[in-house]
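The values are calculated or read from the model by the stated rules, or taken from the named source; none is laboratory data. As the structure is a computational prediction, the values presented were derived from the model and not from experiment. Here the Cβ is made from the backbone with ideal geometry for all residues, glycine too, and neighbour counts use every protein chain on show.
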Amino acid sequence: MNPDAILTALQDSDVMVPLICSLIAGGLIGAERELNRKPAGIRTHALLCFAAALMTLIGLRMNEWVVYLPEGTQIVSDMARMPHAILTGVGFLGAGVIFREGASVRGLTTAASLWLTAALGIVFGTGLMALGMIGATIAVIVLAVLRFFQRLAPPPPFARLEVELAKEGDLTAATLRDKLRGKGIECGPMGFSMDSETGLRRYETLISLRDPTIRPEEIAAMLGGAGAFHRLRIEPVLSEIG
């Protein structure tokens, strides 16, 4: 290896342009993850996209490899194996950013962005620059722009609420819904059942809230003044946070 060989490689646009584009694409996707304080950020995505492009270029330039093989050796080249190997390896990396926290599963969107970043690196490595740029642009739009619309959408179910009341209790489905809304909590369709022997009434519904600081104890205290309940249950519903 000599300086002239390095300079020649740096001047080879077929090599440098895909690598530079892969760094930029990975950095843009990683920047969105970094700004939202996700486990994998700019460096991780940029390095992953760069590595995928680099490995793809290596596979495409097998004719330039310096190898010494026994006489009569036959080499079978299948470029489909390289992308498959890259994306399989990224699967383990993506699994490392997915974890469960309470009733929520975090990191699924980041894992998907890592997998997509590797795919973009493969696209750039094959020299399909226009396709790679389109893919990177769409990825940033999905991650950044659609996040804004996601915040405008109704919040996902937060918990399953069950309230069991005595026959003489004054809490009805309408008052229960009003009290929840007064706390900024929306509830879905209300289920109702009643024990004919004891007169106990049970209301069941899914509740959702935009303010994550509301604690189950606050909901219980709020409903406690509306009528004596025999039983109150708030069960978290599994949700995904990207």
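One residue stands out among those in segment 96-125 that are of a type in the set (S, T, Y) and at pLDDT below 90: the one that is farthest from V15 (Cα to Cα), which is S104.
Take H84 and decide whether it is modelled with pLDDT of 85 or more and not β-branched (V, I, T).
Answer is no for this residue.
Every listed requirement among (1) part of a helix (DSSP H, G or I); (2) surrounded by fewer than 18 Cβ atoms within 10 Å (Cβ to Cβ); (3) of a type outside the set (G, A, S); (4) within 16 Å of the chain's Cα centre (by Cα) is met by P39 save one, (1). When segment 106-127 is filtered for residues that are under 15 Å from L28 (Cβ atoms) and over 19 Å from the mean Cα position of the chain (by Cα), the ones remaining, listed by number, are G121, V123, F124.
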